[in-house]
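See structure below.
All of the numbers you see were taken from the coordinates with simple rules; none came from a lab. As the structure is a computational prediction, the values presented were derived from the model and not from experiment. So basically every Cβ, Gly included, is an ideal-geometry build from the backbone, and we count neighbours across all protein chains shown.
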Amino acid sequence: MSTRIAIVTGGGDCPGLNAVIRAVAKASTKRGWECIGVLGGYEGLLGPTDTIPLDYRILSGLLPRGGTILGTANRGKFSAKVGHGESRALSKELLDGVKTGMKTLDLFALVSIGGDGSLSIAQQLFEYGIPVVGVPKTIDNDLEGTLFTFGFDSAVSCATDALDRLHTTAESHNRVMVLEVMGRYAGWIALYSGVAGGADVILIPEIPFSYESIGAKIQEREHLGKKFTMIVVAEGARKKDGGFVTSGTQMKTGEARLGGIGAIVSTEIERRTGKEARVCVLGHLQRGGSPTTFDRALCSIFGATAVELIAAGEFGKMVAFTGPQVGSIKISDAIGKLKTVHPEGSLLRTARALGICFGD
Ligand code: F6P
C-alpha cells in the first residue's frame with residue numbers, strides 16, 4: 001500500500017506557503033510517509049509529472065522563507081475562477097489526467113494549499129474520487145469557515161508598517177495620505193491595518209463611501225488642529241453609487257484586476273478640500289517576504305492538522321481556524337462564497353467607537 005503523499009500550491013503566492021509545506025512534510029515523515037511537492041501548481045500532476053522530494057535536505061530554512069519553493073499558478077488549465085464568485089468546471093480529461101498522475105506517482109493523498117480558486121479545484125477532484133485535503137491560504141482572509149487564513153497577518157503587518165511610515169511624512173507636510181491595500185472584494189486587510197496603524201478613515205468594499213463624509217472627517221480634524229489625515233483604501237472600495245475600480249482583467253482567467261481607487265480618492269479629496277494629498281499603492285509588497293510569527297505558528301498548525309486529516313481518512317475537508325482550536329470543515333462549505341467584514345463585527349465597532357470614519 002502506498003505511503004506517499006504530495007503537496008500542491010495554487011493561486012497567488014503569500015507569506016507562509018513554505019512554512020505549511022515544511023509542516024506537512026515534517027509531520028508526514030514522522031508518520032513514516034514520504035512527501036513530495038508538485039511543481040507549478042496542479043499542472044505538475046499531469047503527465048509528464050513534475051515533482052520534487054520534500055526530504056530533510058530541502059526543508060532547512062523554509063519556515064521564514066517567502067513565496068513557495070513549489071511555484072504556483074493562477075492561470076492556465078486549472079484556473080477555476082473566472083470572475084467574482086464564479087468558478088469553472090474542470091473537464092473530464094483534466095480530472096482523469098490528475099488521477100493518472102497520482103497513480104503514476106503512487107500517491108495515496110494530496111494536500112491542496114490555496115484560496116477559493118484552488119480549493120474549488122480540490123473539491124472537484126474530491127468529487128471525482130481523488131483523496132484530497134485543503135489548507136486555506138490567502139492574504140485577503142476572505143475564505144468562509146475559517147477565522148483566519150494564513151498570509152493575512154503578514155499582509156496586515158506589512159500594511160501597518162507602511163501606515164506608520166506614511167504617518168510621519170503626512171504629519172510633517174500637513175497632507176492627506178492615502179494608502180491603497182489589497183484584499184479583493186473584502187476589507188479585512190484595510191480594516192485590521194487601519195486600526196493597527198491609527199488611520200482616520202478606512203474605506204472598505206462592504207461600506208460604500210461618499211466624499212462628503214470623508215471631507216467632513218478631514219474638516220473635523222482641522223478644527224482640532226490636526227492638519228494631516230491618514231486614509232486606508234481597500235482596492236475593492238467604491239463610492240456609494242459607483243462600481244469597482246479596475247486596472248484591466250487578468251489574462252486568460254478573465255477575472256477583474258482591482259486597483260486604482262487610491263489615486264481617485266486622493267485626487268478627489270485634493271480637489272474638494274484644497275489640501276495636498278498623496279497616494280501610495282502597497283501592491284505586491286503585501287504578498288512578499290517572511291511570514292509573521294503568528295503566521296508561522298498558524299502555518300505549522302495548519303500543516304500538521306492536514307496530515308492528521310489524511311491519517312484519519314477525512315478527505316474532502318479543509319483545515320480551518322474555527323476558534324478556539326484549529327479544526328476542519330468540508331471544503332464545499334468554504335468555497336464559492338466570500339467571507340466579508342461584518343458591519344457588527346468587534347473590530348469594526350471598535351473602529352467606529354474610536355472615531356474612525358468609514359465614509360458612510
Ligand atoms: O488574492 C490575493 C491578491 O493579492 C489580491 O489581494 C489581489 O487583488 C490579487 O491577488 C492580485 O493578483 P495578481 O498577483 O494576479 O496581480
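Observations on the structure shown:
- Going by neighbour counts of Cβ atoms within 10 Å, the residues TYR185, TYR42 line up, fewest first, as TYR185, TYR42.
- Peptides ranked, highest mean first, by Cβ atoms within 10 Å: ranges 284-290, 262-268: 262-268, 284-290
- Here's the list of aspartates and glutamates a cross-link from LYS92 could span, going by alpha-carbon distance under 19 Å and ignoring same-chain residues fewer than 8 apart: GLU43, GLU127.
- For region 176-286: lysine pairs under 15 Å (alpha-carbon distance), excluding those fewer than 8 apart on one chain: 5
- Helix-only [θ]222 nm of the chain, DSSP H runs n ≥ 4, -39500 (n - 2.57) each, per residue, nearest 500: -11500 deg cm²/dmol
- Taking other residues whose beta carbon is less than 12 angstrom from the beta carbon of SER210, and scoring Lys, Arg as +1 and Asp, Glu as -1, yields +1.
- For the chain, built as a Gaussian network whose Cα springs stay under 10 Å, the top-fluctuating residue of SER91, SER154, SER328: SER91
- The chain: angle of helix 116-127 to the longest principal axis, Cα-based, in degrees nearest 10: 30
- Counted charge near GLU276, where neighbours are those whose Cβ lies closer than 9 Å (Asp, Glu -1; Lys, Arg +1): +2
- Net charge over other residues, Cβ less than 11 angstrom from the Cβ of SER193 (K, R count +1; D, E count -1): -3
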